[in-house]
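The values are calculated or read from the model by the stated rules, or taken from the named source; none is laboratory data. These numbers come from a predicted model, not from an experiment. Cβ placement follows ideal geometry from the backbone for every residue including glycine, while neighbour counts extend to all protein chains displayed. Calculation scope for accessible area: heavy atoms of the full protein, side chains included, ligands and nucleic acids excluded. Shrake-Rupley method; radii C 1.70, N 1.55, O 1.52, S 1.80 Å.
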Amino acid sequence: MRPWLQLGERASAATFHRWYSVTWVLFGLAPPTIGVVDDALATRLTAWAVLAVLGLCYAGLRGRAERPAVRPRTFLAVLVAGMAVLSAALGGGAALFVVSLPLFWIHARGSRAPVLWSGAGAFVSVVAGLPREQWNPEFFTGDLVITAFGYAAGVGLGLWVRRLVAQGEERAHRLGVELASAQRQLAEAYQRQGAAEERERLAREIHDTLAQGFASIVVLAEAARDNLAAAPGESLRQLESIERTARENLAEARVLVGSAPRSGIAPGSVAATLRRTLDRFAQDTGIRVEADLQDVVCDQPTRIALLRCTQESLANIRKHAAASTVGLLLTGDADRIELEITDDGKGFVVERARGFGLDGMDRRLAELGGELTVTSAPGEGTRILGALPVTEGAAA
């Protein structure tokens with residue numbers, strides 16, 4: 001098969017070769033085979049021997065596409081020689097030449113070689129077939145005209161097809177270069193996007209864990225310093241909270257650098273995990289906490305999202321709300337889990353306060369197919385509602 005054929009064209013090219021092979025045998029080899037039946041024995045044997053050689057050579061050429069038994073140049077040379085012998089034996093070979101014209105363009109490379117090979121075929125068909133009476137008008141108005149016209153038409157059509165093929169190859173090459181460039185740019189964009197998403201994930205995890213822990217340590221350390229002389233027992237309790245928070249931050253840091261399990265949360269009930277977080281918050285801040293926690297069933301990513309949203313909300317309440325009471329409600333059914341956190345603090349204008357913490361909660365829930373709703377107004381407290389779908393096969 002010609003190397004310039006594209007992969008997508010191979011099936012149609014193979015079909016073309018099969019049909020042309022049948023056509024060449026029926027209209028190129030069969031007519032001379034039948035036409036010499038009534039000729040002299042020597043003529044018959046010569047013609048049949050040449051036709052047999054041509055058929056065997058063509059079979060060797062087409063039998064194995066990857067490594068043919070007969071090389072293309074060898075076949076073309078045998079074809080031209082066969083045309084000469086048959087033309088001399090039969091007194092003309094225009095029909096075989098015309099039917100064989102595509103072979104020169106199929107099996108000769110470039111544009112010059114097919115012109116030369118087909119020219120050689122036309123020449124030997126005419127010269128070898130010249131009649132003994134050199135000026136026989138039937139010859140010059142028959143085989144000569146047909147051969148000349150066939151050669152001219154074959155060259156014109158062959159060059160036109162080769163030009164189309166070259167243009168197609170050029171377009172295919174250009175498209176291939178553009179496709180490779182687009183794929184490279186797309187891969188780079190995916191890489192940049194992945195790096196940006198990873199940076200965002202790390203920033204969110206640091207904000208929700210380490211940053212909150214350090215902020216809590218600072219507040220507790222300041223309170224312990226103020227109570228050191230007046231209330232040493234209270235200072236001791238605060239120092240214990242500082243130690244516990246620091247240990248938790250150390251565990252979270254190990255999770256972030258990959259030396260501990262990714263979740264950083266011990267397995268167990270999500271309600272129990274949230275309860276421990278609320279108890280710590282109430283102990284450290286003195287704010288009253290009212291909680292109604294249903295023991296919902298969920299997978300680990302959902303447990304992490306619920307805990308992080310709770311931690312972020314409690315951190316915001318500690319820093320900004322000046323609240324005296326915090327309420328937390330956890331409910332769920334077979335399809336949906338809801339976490340509601342409320343406080344009676346000073347509230348805020350939601351549209352003006354979309355900070356990193358709220359945006360982080362929103363993105364964290366959105367990644368799991370959930371949604372975050374924030375309701376607040378100055379002097380009216382705040383309500384945070386997070387909703388998450390229950391995934392199939394979730395387990396506590």
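Here are a few things to note about the model shown:
- Angle between the chain longest axis and helix 94-107 axis [Cα atoms, degrees, rounded to 10]: 30
- Candidate values (i) 77, 47, 43; (ii) 69, 49, 48; (iii) 139, 37, 35, label of the one derived for Cα extents along the principal axes in Å: (iii)
- Think of the chain as having a plus end and a minus end, set by charges on the Cβ of Lys, Arg, Asp and Glu; of LEU365, CYS309, VAL25, VAL25 sits farthest toward the positive end of this dipole.
- Nearest-ten-degree value, helix 112-128 long axis tilted from longest Cα axis of the chain: 20
- Two-site FRET efficiency, ALA77 against LEU175, from Cβ-Cβ distance with R₀ of 56 Å, rounded to 0.05: 0.90
- A simple spin-label model places pseudo-atoms 7 Å from Cα toward Cβ; at ARG67 and GLU248 they are separated by 7.3 nm.
- Amide H to amide H distances under 5 Å link VAL296 with ALA271, where only residues 5 or more positions off or on other chains count and H is placed in the peptide plane.
- Shown here for the range 52-112: trypsin sites (Lys or Arg not before Pro) in loop regions (DSSP other than H, G, I, E, B) with at most 13 other Cβ atoms within 10 Å, namely ARG64, ARG109.
- Length added when fully stretched, PHE214-ALA334, from 0.36 nm per residue minus Cα-Cα: 39.5 nm
- Highest mean packing first, where packing is the average number of other Cβ atoms within 10 Å per residue, the peptides 369-382, 306-319 line up as 306-319, 369-382.
- Folded to 0 to 90 degrees: helix 72-90 orientation relative to the chain principal axis, Cα: 30
- Label-to-label distance, nm, for residues given as GLN283 and ARG352 (7 Å Cα→Cβ offset): 3.8
- A simple spin-label model places pseudo-atoms 7 Å from Cα toward Cβ; at SER111 and THR373 they are separated by 7.3 nm.
- Gain on full stretching of the segment that runs from LEU202 to ALA187 - 0.36 nm per residue minus C-alpha separation: 3.2 nm
- For VAL289, the accessible area of its heavy atoms, probed at 1.4 Å with every protein chain present, is near 40 square angstrom.
- Cβ-derived FRET efficiency at R0 56 Å, ALA195 paired with GLU290, nearest 0.05: 0.85
- Potential extension, ASP39-ASP299 segment - 0.36 nm per residue separation minus Cα distance: 84.3 nm
- Distance between the range 31-109 and the range 140-173 - C-alpha centres, whole angstrom: 21
- Computed [θ] at 222 nm, deg cm²/dmol, the chain (DSSP H ≥ 4; -39,500 (n - 2.57); rounded to nearest 500): -21500 deg cm²/dmol
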